[in-house]
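S.K.: The structure is given below, and queries will be raised subsequently.
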Amino acid sequence: MSSPAPILEVRDLKTHFPVRGGIWLRSVATCKAVDGVSFQLLPGETLGLVGESGCGKSTLGKSIVRLLSPTAGSIRFEGVDLATLGRKKLKPIRRHLQMIFQDPAESLNARHTVGQILEEPFIIHGIGSAEERRASVDTLLDKVGLPRAAAHRYPFEFSGGQRQRIGIARALALQPRLIICDEPVSALDVSIQSQVLNLLLDLQREFHLSYLFITHNLAVVKHVSDRIAVMYLGRIVELSDAEELYARPRHPYTRALIAAIPEPEPSATRTRFIATGDLPSPINPPPGCPFHPRCPHATELCKREAPPLRETSSATSPSHAVACHYDLLPAAIPSPLGAPR
């Protein structure tokens, strides 16, 4: 049986920003926030996107929904390339492609009631009468676990978790097929995070949604994702099934991220892969492999050539891709230039 066609297919996507300076504010450099990203997302699937702050995750998400205009590449949503569409042609497609933002306090209009916020998507797309729209608002509030009386209140009257539920309800309003979740729980207390994550999973099962779940928290992304893509300095460096990624990470950056997850048993011993130094600037990325200045296993080859993202052979996962010159199984790790600390 053949696999279903992807709902989203991103190919060599680049989003660059000019850096301006001088008296005339001329372009003096380029910030390569997203620099050649490719992946596919299947219907009903959750693809987790992880990486340090500043690696380009949110820029990638905003580029996909065309809140930012990509510099190059293609974004095929259900076979239509969004990267080449103008505003008028994008409008009907945006019904099926929505986004949940990181900070609900900033993304919700403080001057509008919750009812007005949730009714606005229907008004923009000319859906239903006033009475039908109000009924839809009540249904949305029911779906996200908020009382219907919330429609008459303002966002500042709610807690952070409740505001995020309002943001989720707004994203659901037009019955989308794909939702970009941009750090949807990072601003919430740990106890509230689990409630919002479980809500997202319940809604995915009910409406057969596809998620691109962006986060820097590997513990969170493991809970919700079918596959995980690891992003570093504007590029994807590893892509695999979630269980395979945690059990057998191939890229040294992925190993460093997993090693940074807090250990429930502090006395337990485990091998640690430490990435030293800070994330380089996307304005002046290092030559060769972008991770080589922080990698304990870097060689001269890593300094000269940037490795492509390629499939690796694995008996446990037929679809494990890694951007590394070496197959970093324990027996195949090259001798480091300096011993890791």
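S.K.: Count neighbours as other Cβ atoms within 10 Å of each site's Cβ, and list the trypsin sites (Lys or Arg not before Pro) in the stretch 152-210 that are DSSP loop with at most 16 such neighbours.
M.R.: For trypsin sites (Lys or Arg not before Pro) across the stretch 152-210 that sit outside H, G, I, E and B with at most 16 neighbouring Cβ atoms in 10 Å, the list reads 153.
S.K.: Using a Gaussian network for the chain with springs between C-alpha atoms less than 10 Å apart, which of these wobbles most: 107, 27, 38?
M.R.: Among 107, 27, 38, the largest mean-square fluctuation in the Gaussian network model of the chain belongs to 27.
S.K.: Run the helix sum for the chain: -39,500 (n - 2.57) per DSSP H stretch of 4+ residues, divided by residue count, reported at 222 nm to the nearest 500 deg cm²/dmol.
M.R.: Calculated from helices alone, the mean residue ellipticity at 222 nm is -8500 deg cm²/dmol.
S.K.: Now, a different point. At a threshold of 8 angstrom on Cα-Cα distance, excluding pairs fewer than six apart, so keeping six or more, what relative contact order does the chain reach in percent?
M.R.: With pairs under 8 Å counted, the relative contact order is 19 percent.
S.K.: Below 12 angstrom from the Cβ of residue 9, what's the summed charge of the other residues (Lys, Arg +1; Asp, Glu -1)? Write out the running numbers ahead of the final one.
M.R.: Values: positive: 11, 76; negative: 12, 78, 81.
Neighbourhood net charge equals -1.
S.K.: At most 15 other Cβ atoms within 10 Å and a DSSP loop assignment: could you name the chymotrypsin sites (Phe, Trp or Tyr not before Pro) in the stretch 3-99 that fit? Don't skip to the end; give the middle numbers.
M.R.: Working: sites: 24, 39, 77; in loops: 24.
Answer in residue order: 24.
S.K.: Oh, and also: Output the relative contact order of the stretch 162-215, whole-number percent, from Cα pairs under 8 angstrom with separation of 6+ residues.
M.R.: 51 percent
S.K.: Right, next: Taking other Cβ within 10 Å of each residue's Cβ, how do 174, 301, 188, 239 sort, fewest first?
M.R.: 301, 174, 188, 239
S.K.: May I pose another question? Using 20 Å as the cut-off for backbone N distance, which residues of the stretch 132-154 belong to the label zone defined by a point 7 Å from the Cα of residue 207 along Cα→Cβ?
M.R.: 132-152
S.K.: Under 14 Å from a point placed 7 Å out from the Cα of residue 14 along the Cα-to-Cβ direction: which residues of the stretch 69-90 have their backbone N that close?
M.R.: Flagged as within label range: 70-74.
S.K.: Taking the 0 to 90 degree range and rounding to the nearest ten, how far is the long axis of helix 160-172 tilted relative to the main principal axis of the chain, both from C-alpha atoms?
M.R.: Relative to the chain, helix 160-172 is tipped by roughly 80 degrees.
S.K.: Continuing with this model, one more query. Treat the count of other C-beta atoms within 10 Å as a stand-in for reagent exposure and order 190, 185 from fewest to most.
M.R.: Numbers: 190 8, 185 25.
In order of increasing Cβ crowding within 10 Å: 190, 185.
S.K.: Between residue 154 and residue 27, what length in nm is gained on full extension when 0.36 nm per residue of separation is reduced by their alpha carbon distance? Working shown, then result.
M.R.: Numbers: separation 127, 0.36 × 127 = 45.72 nm, distance 4.22 nm.
Gain on stretching residue 154 to residue 27: 41.5 nm.
S.K.: Continuing with the same structure: Counting DSSP beta bridges in the chain, what percent are antiparallel, to the nearest 5?
M.R.: 60 percent
S.K.: For residue 5, put the label point 7 Å out on the Cα→Cβ axis and report which residues of the stretch 50-89 keep their amide N under 19 Å from it.
M.R.: It comes to 74-85, nothing else.
S.K.: Could you pull out the trypsin sites (Lys or Arg not before Pro) across the stretch 86-144 that fall in loop regions by DSSP (anything but H, G, I, E, B) with no more than 14 other Cβ atoms inside 10 Å? Numbers along the way, then the final one.
M.R.: Values: sites: 87, 88, 89, 94, 95, 111, 133, 134, 143; in loops: 111.
Those that pass, being in a loop and sparsely packed, are 111.
S.K.: Would you mind ranking 324, 181 so that the residue whose beta carbon has the fewest other beta carbons within 10 Å leads the list?
M.R.: Lowest count first: 324, 181.
S.K.: Under 19 Å from the Cα of residue 62, which lysines turn up, not counting those fewer than eight places away in the same chain?
M.R.: Filter leaves 14, 32, 88, 89, 91.
S.K.: Can you tell me the 0 to 90 degree angle between the C-alpha axis of helix 114-124 and the longest principal axis of the chain, rounded to 10?
M.R.: Once rounded, the angle reads 90 degrees.
S.K.: Roughly what angle does helix 130-143 make with the longest principal axis of the chain, taking Cα atoms, 0 to 90 degrees, to the nearest 10?
M.R.: 40 degrees
S.K.: What is the Cα centroid distance between the stretch 116-184 and the stretch 204-248, reported in whole angstrom?
M.R.: 26 Å
All of the numbers you see were taken from the coordinates with simple rules; none came from a lab. Being a predicted model, the structure only gives us computed values, none of them experimental. Ideal geometry is used to build each Cβ from the backbone, glycine not excepted, and the neighbour counts take in all protein chains shown.
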